[in-house]
Amino acid sequence: MIISVDQSEQTAMVFDGIIAEVVKVPVPAQVSRRSASSLRLNWTVKNIPVGNVNTKETAQYKAILNTRTHKVTVSVQLNYFDNEPRGSGKCKVSQQK
């Protein structure tokens with residue numbers, strides 16, 4: 001997953017394997033500050049193909065990005081599904097010039 005936050009931390013873009021397959025380009029995320037070292041990101045991916053049922057799903061993602069420890073925690077809600085996939089990991093930070 002690639003998360004790009006602008007320097008003012010008012011906007012962000014997200015890109016991952018599902019987005020690459022379905023949307024083809026990074027999607028915008030809503031950004032809000034949780035604390036001095038934590039951002040909340042929300043984004044939606046529509047028209048995700050669902051297995052053998054020949055339907056498409058919308059996923060609503062939530063992420064908490066800790067800018068001090070460089071850790072991100074992501075969860076996703078899929079309509080009509082009971083489970084809520086989630087995961088976390090360490091970020092590699094790079095500066096765009």
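Observations on the structure shown:
- Qualifying residue in the range 34-44 (condition: closer than 23 Å to Gln95 by Cβ, touching a Lys or Arg at 6+ places or on another chain (Cβ under 7 Å) and either in contact (Cβ under 8 Å) with a residue 60 or more places away in the chain or not charged (D, E, K, R) (or both)): yes
- Among the numbered conditions (1) surrounded by 15 or more Cβ atoms within 10 Å (Cβ to Cβ); (2) modelled with pLDDT under 85; (3) of a type outside the set (A, V, I, L, M, F, W, C), the only one that Tyr61 does not meet is (2).
- If the condition is being among the β-branched types (Val, Ile, Thr) and crowded, with 16+ Cβ neighbours inside 10 Å, then the range 1-17 contributes Ile3, Val5, Val14.
- Being out of contact with any Phe, Trp or Tyr (no Cβ under 8 Å at 6 or more places or on another chain), exposed (fewer than 13 other Cβ atoms within 10 Å of the Cβ) and of a type in the set (A, V, I, L, M) is a property that holds for Ala20.
- Taking residues in the range 68-82 that are surrounded by 12 or more Cβ atoms within 10 Å (Cβ to Cβ), and partners anywhere that are not in a strand (DSSP E or B), the pairs with Cβ atoms closer than 6 Å and at least 6 places apart or on different chains are His70/Cys91; His70/Val93; Val72/Cys91; Ser75/Glu84; Val76/Pro85; Gln77/Glu84.
- Annotation: of all residues in the range 38-97 being among the acidic types (Asp, Glu) and not in a strand (DSSP E or B), the one that is farthest from Ile19 (Cα to Cα) is Asp82.
The values are calculated or read from the model by the stated rules, or taken from the named source; none is laboratory data. Keep in mind that this is a model prediction, so the values were computed, not measured. Every residue, glycine as well, gets a Cβ built from its backbone with ideal geometry; the counts of neighbours run over all protein chains shown.
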